[in-house]
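Okay, structure first, notes after.
Derivation of every value follows stated rules applied to the coordinates shown; laboratory data play no part. The structure displayed is predicted, hence computed values, not measured ones.
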Amino acid sequence: MNNNRMPFSIHFFLISIIFLIFDVEITLILPMILIYSKSNLIKWYLTCLYFFTLLLISLYYEWINKMIIWTN
């Protein structure tokens, strides 16, 4: 067996996963903007409020746990 492995940074992996999660969330925001004129205003507002609150809470959690700080 050959044990030649490439070095792998777990911190880089976590940053990339966080990026993918936020990227998916951004793609979910775009249809919410487009459907604004065709939906019930209160339901649309509550959905957006819930979504952005969840987004900010997750960003705050990652910031507090120092997951998004690149340097040690």
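Below is a table of values for the structure above.
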| item | result |
| --- | --- |
| Tilt relative to the chain, helix 41-64 - C-alpha long axis, 0 to 90 degrees, to 10 | 20 |
| Value of [θ]222 nm, deg cm²/dmol, for the chain, DSSP H segments ≥ 4, -39500 (n - 2.57) each, nearest 500 | -24000 deg cm²/dmol |
| C-alpha long axis of helix 10-34 to longest principal axis of the chain, angle in ° | 20 |
